[in-house]
Amino acid sequence: MTQMSDAKILIIATDGFEQSELEFPRDQLRAKGATVHVATLDGQPIKGWEGDDWGDTAEADLRIEDVNIDDYDALVLPGGQINPDLLRVEAAPIQLIKDAVKAGKIVAAICHAPWLLIEAEVVAGREMTSFASIRTDLKNAGAQVVNQEVAISNGIITSRNPTDLKAFVAKIVEEVQEGRHPRPAA
């Protein structure tokens with residue numbers, strides 16, 4: 001069992017992340033005692049999206065390509081339309097997600113971020129949810145799609161949208177406290 005005060009959690013994002021989907025998990029997980037780092041493509045601050053316009057800036061701790069996933073207990077993927085669409089065409093974030101899943105780390109994706117899980121080819125056979133507009137993408141990639149605030153499948157957590165953030169973070173905490181989630185070889 002992992003105590004939250006001993007947990008290290010990584011959030012990866014780029015410009016256009018949904019403001020609340022990065023800030024709420026980051027701040028709530030820190031409030032529960034976890035060390036939370038934010039990694040971006042270039043290690044520089046990124047600009048959020050809130051409502052119909054650009055939002056606030058989030059500071060970065062490191063570059064995605066400099067991350068050693070073994071240093072972390074969990075990987076959190078905020079959504080928004082822009083952020084995951086930009087990240088899913090970059091090799092480093094996709095490889096990081098694959099490495100996290102392979103290592104049995106908790107991986108949590110909300111809203112449009114399951115696009116990254118599809119690109120990393122880790123959705124087939126898993127129960128998952130997402131923002132309504134990408135559920136067909138999940139289904140076509142082999143996921144068993146559900147419409148509920150949180151879906152969990154062997155350490156991979158998905159949620160639909162910002163209204164699910166409390167349940168999303170609660171499930172991250174629960175899963176981190178359970179420890180590693182070894183997964184069968186694909």
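Inspect the range 133-156 for any residue being closer than 24 Å to Leu41 by Cα, part of a loop (DSSP other than H, G, I, E, B) and not small (Gly, Ala, Ser) and give the result as yes or no. Scanning the range 133-156, I find no residue that is closer than 24 Å to Leu41 by Cα, part of a loop (DSSP other than H, G, I, E, B) and not small (Gly, Ala, Ser), so the answer is no. Scanning the range 118-141 for residues that are of a type in the set (D, E, K, R) and either in contact with a Gly (Cβ under 7 Å, 6 or more places away or on another chain) or farther than 21 Å from Glu21 by Cβ (or both) returns Glu121, Lys139. If only residues of the range 42-66 that are outside any strand (DSSP E or B) and touching a helix residue (DSSP H, G or I) at 6+ places or on another chain (Cβ under 6 Å) are counted, the one that is farthest from Ile172 (Cα to Cα) is Glu65.
Of the residues Ala100, Ala108, the single one that is assigned to a strand (DSSP E or B), touching a residue at least 12 places away in the same chain (Cβ under 8 Å) and not aromatic (Phe, Trp, Tyr) is Ala108. Within the range 1-55, the set of residues being open to solvent by 70 Å² or more (accessible area, probe 1.4 Å), among the acidic types (Asp, Glu) and within 22 Å of Asp85 (Cα to Cα) comprises Asp42, Glu50, Asp52, Asp53. Looking at the range 69-92, is at least one residue within 29 Å of Val145 (Cβ to Cβ), without any contact (Cβ under 8 Å) to a residue 24 or more places away in the chain and not in a loop (DSSP other than H, G, I, E, B)? Among the residues of the range 69-92, at least one is within 29 Å of Val145 (Cβ to Cβ), without any contact (Cβ under 8 Å) to a residue 24 or more places away in the chain and not in a loop (DSSP other than H, G, I, E, B), which makes the answer yes. Applying the criterion of being among the charged types (D, E, K, R) and surrounded by 14 or more Cβ atoms within 10 Å (Cβ to Cβ) to the residues of the range 56-75, the residue that is nearest to the chain's Cα centre (by Cα) is Asp73.
Report yes if Leu77 is touching a Leu at 6+ places or on another chain (Cβ under 7 Å) and either at positive phi or hydrophobic (A, V, I, L, M, F, W, C) (or both), otherwise no. It is true that Leu77 is touching a Leu at 6+ places or on another chain (Cβ under 7 Å) and either at positive phi or hydrophobic (A, V, I, L, M, F, W, C) (or both).
Taking the listed residues Gly104, Gly125, the one that is surrounded by fewer than 21 Cβ atoms within 10 Å (Cβ to Cβ), in contact with a His (Cβ under 7 Å, 6 or more places away or on another chain) and among the small types (Gly, Ala, Ser) is Gly104, with no other qualifying. Looking at Glu178, Glu119, just one residue is open to solvent by 60 Å² or more (accessible area, probe 1.4 Å) and touching a helix residue (DSSP H, G or I) at 6+ places or on another chain (Cβ under 8 Å), and that residue is Glu119. You will find that of Ala120, Ala167, the residue that is without any contact (Cβ under 8 Å) to a residue 40 or more places away in the chain and under 13 Å from the mean Cα position of the chain (by Cα) is Ala120 and no other. Residues in the range 155-168 that are under 11 Å from Met128 (Cα atoms) and out of contact with any Asp or Glu (no Cβ under 8 Å at 6 or more places or on another chain) were compared, and the one that is surrounded by the most Cβ atoms within 10 Å (Cβ to Cβ) is Thr158.
The values are calculated or read from the model by the stated rules, or taken from the named source; none is laboratory data. Just so we're clear, the structure is a prediction, and the values are computed from it rather than from any experiment. Positions of Cβ are generated from backbone atoms using ideal geometry, with glycine treated the same way; all protein chains shown enter the neighbour counts. Accessible surface is based on the protein model in full, side chains and every heavy atom, while ligands, DNA and RNA are left aside. Shrake-Rupley method; radii C 1.70, N 1.55, O 1.52, S 1.80 Å.
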